[in-house]
Amino acid sequence: MDHASTASVSSLEACGNEGFSHNGGLMQVKGALVTDDQTFQPQCGTQEHAMDQDLQQPETTTPINLSGALDKQASRGDENDSTQHSVAAGLSPAHIGNVPADQGLKATPSLFNNPPNLARIRKVLFECKDPIEISLEEFETYWPFIDNVWVKQRSNASKEGHCTTDYYMCRLRRPTHRTSETRPLPEGKRPRKKRVREGGICNFQIKVVRFEGAYSTVTIARTPGSCNVHSHDLDYIDRVKRNSGLMEYARKESIKGYLPSSIYTKFQEEPEKLGEAGGRFFTVTDVRNISAKWRIQNPEVDLVAHEGYEYQKGHGIVKTKSTGVNEAPSPKQLASLTSSSSLPSDTLSFPRFSLDFLHPYLPDHSERREFPHVTLSYASSMDSKISLQPGMQTVLSGPEAKLMTHYLRSRHDAILVGVGTVLADNPGLNCRLEGAGGFGGLGRMWQPRPVIIDPMGRWPVHPECRMLRTAVEGKGKAPWVVVSPGAQINPQTLMMLKGYGGDFLRIVEYNQHWRLRWEAVFRALASEGIKSVMIEGGGTVLSELLNPEYTSFIDSIVVTVAPTYLGRGGVNVSPDSKQDPEGTPNAALNPRDVKWMPLGQNVIMCGKIRSPGVREETIQPSH
Ligand SMILES: NC(=O)C1=CN([C@@H]2O[C@H](COP(=O)(O)OP(=O)(O)OC[C@H]3O[C@@H](n4cnc5c(N)ncnc54)[C@H](OP(=O)(O)O)[C@@H]3O)[C@@H](O)[C@H]2O)C=CC1
Ligand SMILES: Nc1nc(O)c(N)c(N[C@@H]2O[C@H](COP(=O)(O)O)[C@@H](O)[C@H]2O)n1
């Protein structure tokens, strides 16, 4: 008998977070990494914020991240760019503000510091085909290179100031006038020759919602009144107006005291990078305009040509000697190159061995199901212990099994543990494989959502705990904490967790032992867009879920067996014992379709739990 029949999730809205709720659907982000012996397709649905009503669009209402947008662009054969898209070559913190890899090798540094995949991302941000959600860092990196397209119309901020909504229209929607027509000119000043453009040429409009907390995001989507495509291409706007990313390159160079014509010549020497940054129609006048202010403030400076160039009457700026391109890098240049491309020290290299054996046990995110795919995955000793004693973290997985676990994490939307595990281990519960978001990948791709079962709210939410530090560093997501109605959650704690991008979910369904009903937990996660959950522990959670009451919810089990006995004091994983109707003891549970695979010093046991047909009446066919 159940003591309450309704489940509710209190997804308390953060900071007047007008643009978002957690009821978003799920968008899979797929990346492919080619290893020596095979292609893996690690994937993790990103549990992203849903758009508010205003942002809903016929094609899709769920924002995708940049990597997802590039994948979609590629699947449409729509890249229109020579730059190869590689997930691992996406924007990572290591890239921002650092010297691009090829630049460090040149004695004469490039004037460009283009972020990865710039041309393709400019196109994504021009076309706005799908709503996208990107990190603030990505927005601030790429937006200056596309701001020539968009003209701000108005701006709204939430009361608390955490959420700002800016409305933009395509530049060609706005009419332009001669300066003299709109305001009187100062005496003696000639009117600027400004082309008059009729407004309304293109009715494309977008909304940019910035949510700023510890986990800051920016969502960009078309507004309902907007047309679906621009009436012109991106080149057209690039010809009309230069973007500020490009102009910043010119400004930085001009304040070094170089001649505008020399700067222009240097730009033209790297046509690919110039084109990527939107500078196909860049002129020497653009450089003169951007350097004018500095020249007025520094009239004593004699402008010079770059080293190895000189001004020759009748020829303009010409090269006079080798600039050292392709010369061997100095040790200092090599050192800066190495440090600029370094990944976080806890990055795990992607497995170079086959993990094909796991595939039958992995979630299929294209299935439409009422409940998420549930995988139990933990490491056990020979005597079925998962730690030496309660509250003590015990390493049982060797390096290969650890990589496998992180691969499994990348394939699930959420990682669930009991509060006992969080108090004992202070875990990160993120995916640290190279190529995952924060480890060389974009945004938080492949990063699962940690979920903690904590009915009484015992977990002390603290900025120093690993899950929150991980979220701040962009290496994972902040957790959702599942609590019971009786849990006393201090409003400051609530706001703090929300500020990191986490939340509290309240479940009000109990079983006969006054424990939270797993069915309600899984339903709540499904309603939040979670399609797959990997349950890592600890002993209490795993043992409970292996009982007949719950096995119809469990799809797969992947156990890492370690060659050790931890002894009787250890934390056990064992379901309740079972008897047949005559009272004869029976095995409590026998997984099906079992496979054993040696991995280093461990053996991995994979099996299926849920019987075929059970709960399938609730599973709708995939579209
Ligand atoms: N080797 C491995 O792979 C792993 C090992 N571990 C180890 O396991 C140990 C922790 O295990 P354990 O102590 O059993 O803790 P758990 O992580 O299983 O958490 C148990 C707690 O979670 C809450 N809980 C779980 N299920 C429910 C439910 N249905 N309804 C209400 N509350 C629920 C209860 O909290 P409350 O008490 O507040 O009611 C319960 O005490 C640690 O030593 C850890 O290192 C953990 C994960 C993996
Ligand atoms: N697969 C596995 N092998 C072991 O030997 C373990 N001790 C665990 N523990 C689980 O992993 C969590 C730690 O995660 P982070 O590395 O901190 O991300 C721990 O809390 C257990 O759930 N797992």
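The values are calculated or read from the model by the stated rules, or taken from the named source; none is laboratory data. Note that the structure is predicted; figures quoted are calculated from it, not measured. Note: ideal-geometry Cβ built from the backbone for every residue, glycine included; neighbour counts use all protein chains shown.
Computed quantities for the displayed model
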quantity	calculated
Within the range 409-427, tally of residues that are in a loop (DSSP other than H, G, I, E, B) and away from ligand 2 (no atom under 12 Å from the Cβ)	3
Subset of the range 428-463 that is among the charged types (D, E, K, R) and either under 15 Å from Ile415 (Cα atoms) or part of a strand (DSSP E or B) (or both) - its residue that is nearest to ligand 2 (Cβ to nearest atom)	Arg432
Scope the range 104-161; condition of a type in the set (Val, Ile, Thr) and touching a Phe, Trp or Tyr at 6+ places or on another chain (Cβ under 7 Å); matching residues	Ile121, Ile146, Val149, Val151
Given (1) away from ligand 1 (no atom under 16 Å from the Cβ); (2) at pLDDT below 95, number of the condition Arg449 does not satisfy	(2)
Subset of the range 458-505 (residues that are buried (at least 20 other Cβ atoms within 10 Å of the Cβ) and within 16 Å of ligand 1 (Cβ to nearest atom))	Val461, Met467, Pro479, Trp480, Val481, Val482, Val483, Phe504, Leu505
Matching residues in the range 510-542 - criterion: being within 11 Å of ligand 1 (Cβ to nearest atom) and out of contact with any strand residue (DSSP E or B) (no Cβ under 7 Å at 6 or more places or on another chain)	Asn511, His513, Trp514, Arg515, Trp518, Glu519, Ala520
Residues (of a type in the set (Phe, Trp, Tyr) and more than 11 Å from ligand 2 (Cβ to nearest atom)) located in the range 370-408	Phe371, Tyr407
Residues being within 44 Å of the chain's Cα centre (by Cα) and part of a strand (DSSP E or B) - total across the range 574-594	3
The one condition in (1) closer than 18 Å to Val482 by Cα; (2) part of a loop (DSSP other than H, G, I, E, B) that Leu542 fails to fulfil	(2)
Subset of the range 520-543 that is within 28 Å of Val395 (Cβ to Cβ) and among the small types (Gly, Ala, Ser) - its residue that is surrounded by the fewest Cβ atoms within 10 Å (Cβ to Cβ)	Ser543
Long-range neighbours under 7 Å by Cβ, at least six apart or interchain, first residue in the same structural domain as Tyr565 (by TED's automatic domain parsing) and closer than 21 Å to Leu362 by Cα within the range 387-405, second assigned to a helix (DSSP H, G or I) and within 11 Å of ligand 2 (Cβ to nearest atom)	Ser397/Thr405
Residue list for the range 545-595, restricted to those being among the basic types (Lys, Arg) and under 16 Å from Cys606 (Cα atoms)	Arg592, Lys595
Residues satisfying the stated conditions in the range 389-408, i.e. assigned to a loop (DSSP other than H, G, I, E, B) and either of a type in the set (Lys, Arg) or near ligand 1 (Cβ under 8 Å from one of its atoms) (or both)	Gln389, Pro390, Gly391, Met392, Gln393, Thr394, Leu396, Ser397
Residue identified as aromatic (Phe, Trp, Tyr) and touching a Cys at 6+ places or on another chain (Cβ under 6 Å) among Phe211, Phe282	Phe211
